[in-house]
Amino acid sequence: MLLLALLRVNVVVALTFSAILGGLIGGMPLTETVAAFESGLGGGATTALSYAMLGTFAVAISRSGITDVLAQKVIKRISGHENAAAATGVKYSVLSILVLLAISSQNAIPVHIAFIPIVIPPLLHVFAKLKVDRRLIACVLTFGLVTPYMVLPVGFGGIFLNNILLKNLHENGLDVTASQVPYAMLLPAMGMLFGLLVATFISYRKPREYSEEKILATEPEHKEINMQHVYIAVGAIIAALGAQLYSGSMIIGGLIGFMVFTFGGVIKWKETHDVFTKGVHMMAMIGFIMIAAAGFASVMKATGGVETLVSSLAEVIGDNKPLSALLMLVVGLLVTMGIGSSFSTIPILATIYVPLCLTFGFSPLATVAIVGTAAALGDAGSPASDSTLGPTAGLNADGQHEHVWETVVPTFIHYNMPLIAFGWLASMIL
């Protein structure tokens, strides 16, 4: 699946073909493989419809003119050669705000990736004026989506650390307290921070040009900005986020926000069909990837191959403690990249890893670090993870950002490599 995606084969085709191939190699008849694949498709349907509704909401936001307010302020700040330093300051201010926004989407306002299709497309003008490499934006957003749940036990972090990780560790016989789990994950999280700093100040520091015409085709500028529409846009965003928090549904949030635009007069009733069509078009590919990924994961689980892969570690490792930690992390990377969810990976890994760690004499804290890091590995860098699909959904609104090579590969390099290194270090010193 990963090889086909890197060869620029459509990710949906890569997932579907690889799922069928994986089922057959795993010893399942073709009919059972197809049945397992189809049974999993429904798991991605809700997310796909959520993206479609949020895409519609994003198109409505662009119609309000709030895009132009942001762009004009940036242009004013960076216009003239004498303000080159100011442009750099604006760039890092925008990046800092995006990091904080992504982090808060995991705990303070736990909407996860729902904010990306709403916030990022209107900012494409800003990124273009600042000549920011969108691969850097992808790394910034993915950092904010993944790192908080590794160390902050609130919001999605509470679910990951307490409801899933701690629960499965206890069920497999590890004596560890809730307060020890975030502490054990602190060093691996530092690996994420290291990757972010490398991406920001080394890898993607140079300016990159993007076509303003393509951005304008998706996010048209308004020569005369109707501030009433801008205020309605702000109200619609607040209403959408509030509705999602209350209902727990991105679909309801997007719908409420869109209706605020409609009743507020920003979108005319006769234009609603056109706006919805454009929104679905913008998010259709991401939605189909999520649906196909759910089918792929269903086949991988049905074959039993994941459990076999994990349990075979014991035979390969021997009595080499450093090698055992490294291989457990690498296998976790492969499993999560295939399934696409770190949350779903923990129950699979913990069953084998906890007894294995106890056998090799790892401390409880080191065991937490190994299992937690092995699960988090691959969330950044998987073509089927919402931590990479979310950033692509916003950054590719104008068709100038490629999912695999400009989101998946950069996040894989800058986060999975440091995570393995820092996770391994944590297993050795804790």
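The values are calculated or read from the model by the stated rules, or taken from the named source; none is laboratory data. In this text the structure is predicted, and so the values were computed from the model without any measurement. Glycine also receives a Cβ, built like all others from the backbone with ideal geometry; neighbour counts cover every protein chain displayed. Please note that ligands, DNA and RNA were not included when accessible areas were found on the heavy atoms of the full protein model with its side chains. Shrake-Rupley method; radii C 1.70, N 1.55, O 1.52, S 1.80 Å.
Here are a few things to note about the model shown:
- Here Ile267 clears all of (1) at pLDDT below 70; (2) not in a helix (DSSP H, G or I) except the condition numbered (1).
- One residue alone among Val354, Val404, Val409 is modelled with pLDDT of 85 or more and of a type in the set (Val, Ile, Thr), and that residue is Val409.
- Residue in the range 46-68 that is in a helix (DSSP H, G or I), at pLDDT 75 or above and within 11 Å of Ala294 (Cβ to Cβ) present: no
- Candidate set: the range 384-423, residues that are touching a Pro at 6+ places or on another chain (Cβ under 6 Å) and of a type outside the set (A, V, I, L, M, F, W, C); chosen: the one nearest to Gly295 (Cα to Cα): Thr407
- The set of residues from the range 160-173 being surrounded by fewer than 20 Cβ atoms within 10 Å (Cβ to Cβ) and in contact with a helix residue (DSSP H, G or I) (Cβ under 7 Å, 6 or more places away or on another chain) comprises Asn172, Gly173.
- Check on Thr272, under 30 Å from Ala233 (Cβ atoms), open to solvent by less than 30 Å² (accessible area, probe 1.4 Å) and modelled with pLDDT of 75 or more: no
- For the range 393-417, a residue qualifies if it is more than 22 Å from Leu334 (Cβ to Cβ) and either touching a Ser or Thr at 6+ places or on another chain (Cβ under 9 Å) or outside any helix (DSSP H, G or I) (or both), and the qualifying residues are Leu395, Asn396, Ala397, Asp398, Gly399, Gln400, His401, Glu402, Glu406.
- Qualifying position, being modelled with pLDDT of 75 or more and either buried (at least 24 other Cβ atoms within 10 Å of the Cβ) or of a type in the set (Gly, Ala, Ser) (or both), among Gly254, Gly248: Gly254
- Members of the range 110-150 found to be open to solvent by 30 Å² or more (accessible area, probe 1.4 Å) and in a helix (DSSP H, G or I), listed by number: His112, Val119, Lys129, Arg135
- In the range 174-187, the qualifying residues are those that are among the small types (Gly, Ala, Ser) and within 22 Å of Leu425 (Cβ to Cβ), and the one that is least open to solvent (accessible area, probe 1.4 Å) is Ala184.
- Looking only at residues in the range 2-45 that are modelled with pLDDT under 75 and surrounded by 22 or more Cβ atoms within 10 Å (Cβ to Cβ), the one that is nearest to Thr392 (Cα to Cα) is Val11.
- Residue in the range 379-396 that is surrounded by fewer than 21 Cβ atoms within 10 Å (Cβ to Cβ), among the aliphatic types (A, V, I, L, M) and either in contact with a Lys or Arg (Cβ under 6 Å, 6 or more places away or on another chain) or at pLDDT 80 or above (or both) present: no
- Taking the numbered list (1) open to solvent by 20 Å² or more (accessible area, probe 1.4 Å); (2) of a type in the set (S, T, N, Q); (3) assigned to a helix (DSSP H, G or I) in turn, Asn107 passes all entries but (3).
- Leading residue by the ranking (nearest to Ser96 (Cα to Cα)) among those in the range 162-184 that are free of Cβ contacts under 8 Å to residues at least 40 places away in the same chain and assigned to a helix (DSSP H, G or I): Pro182
- Met190 vs. criteria under 30 Å from Glu406 (Cβ atoms), among the aliphatic types (A, V, I, L, M) and open to solvent by less than 10 Å² (accessible area, probe 1.4 Å): no
- Taking residues in the range 377-391 that are charged (D, E, K, R), and partners anywhere that are not in a loop (DSSP other than H, G, I, E, B), the pairs with Cβ atoms closer than 7 Å and at least 6 places apart or on different chains are Asp379/Val146; Asp379/Thr336; Asp379/Ser342; Asp379/Ser387; Asp386/Ile113.
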